[in-house]
Structure formats: C-alpha cells, structure tokens
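Step one of this worksheet: look at the structure below.
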Amino acid sequence: MSTYLLTDQNAYYHPTAISDENQTQTDNQQHENFVATLPKNKGWRSENIFLYNGFWLSSDVIKGLLLIHNHFKPQPTDIFLASFMKCGTTWFKALMFATINRHRYKLSDHPLLRTGPQSMFPFLDTHIFLDYPVTNFDHLPAPRLFATHFGYGLLPKSMTSRCKFVYVCRDPKDALVSKWHFMSKLRSKELTPLSFSEAYEMFCNGVSEYGPFWDHVLGYWKASQESPDKILFMKYEDMKREPVVELKKLASFMGMPFTAEEEGRGVVEEIVKLCSFENLSNLDVNKGGGGGQKFTTKVVVENQEFFRKGKVGDWKNYMTYRRDERADRFDHTQQVEGYWFGIRSHKMTWICVA
C-alpha cells in the first residue's frame, strides 16, 4: 500500500486495497506484452530499461505513466516537483512541504522530524499503482503536492496545461555520480555490479532511468521560457549558495509568499535550517533502521539511502578533464542556466578517472 502524510490530520494514508487477482494478472500480462515490444537496454537498477517516447524507463514506471494518462485527474491547484533522478528531489520535497504547511505545524514539532522527506507527498510515477486499481488522491488537501521524474513531453496535457511545476536542475556531473551511488545500492544482487566507468558511458549516451538527461532538462527549460507562470526552473547549486533567496522565490511561485512579518521573525531561515542536509541526515528517522519509502511492491528504499553528501562538486573525486578529440561524441552543447550540456565546456570533455 502507498504511504504518505495527510497534512490536515498529521497522520498517514494507508488505503484499503480492492482485491481482484484475476484482473490483476490479466492487466500485468498485457503490460508485459506491451513492454516486450519496446527497444531495451541495460538498466542501472534492474536488468533492463525500455525506450518509450524518447526516454528510457523501467517497466514499472511505464505502467505508472500509462495509468497517469488514463486515470489521473489533475486539479488546477496541484503543484509538481519535477526533476531528473538525484538532482535534489529529497531536499526540495522537504522545502516545499514545510513552506506550504508552515501555518499548520510548529517547527519544533514538525512531521519532518519524525518522517523522511520522501513521505511528505506522493511520488506520482509509482504511487499511482500501489493501490488497486489506481491510487485515488482526492483525499489530499489543496494545493496537492506531487513529485515526478518524468520528462515534460511524457506528461499528459491535462497536467502541463493546468498545473504548476517546480523543476530542479543540477550539474550533470554531480547528478551522474549521485545516481550511480544510489542505483548501485538498489541494484539486484543477482546482477553484475555496474562500474562507474560503465555508468559514465551509459549516461553520456543518454541510457539511464528517465534519461537522456539533456532531453529531460531541456524539455522543462524550454517550457519554462514559454510559460514562466507555470514552470519555475531552479538550480540545485543556487539553492545551496543562497537558500534564503531561492526559498523566497519558491514560496512566491507556489502562491505562498513569505510576509514581511514572517521574514522579520526569521521564518525563512528556520525552514532552511529545518530542511538542511545537516539537520535531516542526522535525524534518527533518516538513519539506519529509521524507516523507508515504498515505491513498488518490490522496491522499498530506506530513508538513509536518500542522504549521501548533498554537496556541489563531488564529481571531482570521480572525473577530471583533458583536451580530447572525442568531444564530438556529445550531441548537445547548448548552454542552459549556466550548464553546458553534454558535460562539455570549451571543447573540454569530462572523462572518467575512477
């Protein structure tokens, strides 16, 4: 069953499943037959990932996407946190939840002190099917908060045309390193470990869960240029450098701007401190045995796995750069918000040294 916080009741939602074993088996078989028709490649966590509408996705995630298109009913007040994997989702979940609900909870007795950030609001990609036949999110108070890793072009128009999106981008080199560590811990023990060198090559070729990275980021960036009132494009590094400034920007976009009185009382700084990596990673609930988040019937991730370093520039421990004639291997060199895509800058190609 899916589990996430009910903000009004300060409790958790554990829905009652509707059991129909025959129908479930039929649906699963139809899904497997469909996925079997798609191009496939080696996965980072599971044995294979599949190319669907330009993005590499796991079988379970494709199932979730189809259910979203067929069953999810977005509301105009919904706010989505969108990101490529390991680009700040955990941190921004905490920041968004604490900001939206700052009038409901005292910071001294906040749900974040007892619950991992991943449980603050649903990860739509898989929570949509954790209950049979689909999860009903109508019980969540407005504005409903959701998280997704889906590329912008994969989402139904009913979502992208009506709802707000907060998109978080991160230096692709740090995203690569963080994703490799995270997926290595989740990778099936029956499969050969994925080396960093192999992960580097796959990432550069666009082959990783929810990838290609560049298409993912560019999709949201271009949409944010066309509809800045609907999509707020944010950078992980900016939030690390100026968290107070960036959080105020985030709050205003979500329709919950901080008042002058709140700023005078230091509310912004208090939320920044509450949601900081240093604070959250040291809480008992986010340490070993503190709890976990269920993503599918087979994938449960302990809270501690969402906290590694939370730093900018950790890629330097895994990569270096040199002038290299292979720079043309990267297809994208467009500069977006200070990032050079293709992990390339001024004809310098980042290469693996780990």
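One residue alone among K248, K273 is basic (K, R) and touching an Asp or Glu at 6+ places or on another chain (Cβ under 9 Å), and that residue is K248. Scanning the range 15-23 turns up at least one residue that is over 24 Å from L154 (Cβ atoms), surrounded by 14 or more Cβ atoms within 10 Å (Cβ to Cβ), at pLDDT below 95 and out of contact with any strand residue (DSSP E or B) (no Cβ under 6 Å at 6 or more places or on another chain). G291 meets each of the listed conditions (1) touching a Phe, Trp or Tyr at 6+ places or on another chain (Cβ under 7 Å); (2) crowded, with 17+ Cβ neighbours inside 10 Å; (3) at pLDDT below 90 apart from (1).
Residues are listed down the side, and each one gets a yes or a no for (1) among the polar types (S, T, N, Q); (2) more than 11 Å from W44 (Cβ to Cβ):
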residue: T148; (1), (2): yes, yes
residue: K164; (1), (2): no, yes
residue: K189; (1), (2): no, yes
residue: F203; (1), (2): no, no
residue: S208; (1), (2): yes, no
residue: H216; (1), (2): no, yes
residue: G219; (1), (2): no, yes
residue: I231; (1), (2): no, yes
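Restricting the range 209-232 to residues that are within 14 Å of the chain's Cα centre (by Cα) and not β-branched (V, I, T) leaves a set whose member that is surrounded by the fewest Cβ atoms within 10 Å (Cβ to Cβ) is E209. Residues in the range 42-66 that are surrounded by fewer than 16 Cβ atoms within 10 Å (Cβ to Cβ), among the polar types (S, T, N, Q) and out of contact with any strand residue (DSSP E or B) (no Cβ under 6 Å at 6 or more places or on another chain): N53 only. Scanning the range 262-283 for residues that are surrounded by fewer than 16 Cβ atoms within 10 Å (Cβ to Cβ), under 23 Å from the mean Cα position of the chain (by Cα) and outside any loop (DSSP other than H, G, I, E, B) gives K273, E278, N279. Look at E190 and say whether it is at pLDDT below 95 and among the acidic types (D, E). In short, yes. Note on the range 76-129: among residues that are in a loop (DSSP other than H, G, I, E, B) and polar (S, T, N, Q), the one that is surrounded by the fewest Cβ atoms within 10 Å (Cβ to Cβ) is T77.
Taking first residues from the range 175-199 that are over 13 Å from M85 (Cβ atoms) and partners that are outside any loop (DSSP other than H, G, I, E, B) and of a type in the set (S, T, Y), no Cβ contact under 6 Å between residues at least 6 apart in sequence or on separate chains turns up.
Restricting attention to the range 130-170, the residues that are crowded, with 17+ Cβ neighbours inside 10 Å, of a type in the set (D, E, K, R) and modelled with pLDDT under 90 total 1.
Quick one: which of K179, K240, K173 is within 15 Å of the chain's Cα centre (by Cα) and outside any loop (DSSP other than H, G, I, E, B)? Step by step, each of K179, K240, K173 is checked, and only K179 is within 15 Å of the chain's Cα centre (by Cα) and outside any loop (DSSP other than H, G, I, E, B).
The values are calculated or read from the model by the stated rules, or taken from the named source; none is laboratory data. Predicted model only: the values in this text are computed from it and were never measured. Positions of Cβ are backbone-derived with ideal geometry, glycine not excepted, and every protein chain shown enters the neighbour counts.
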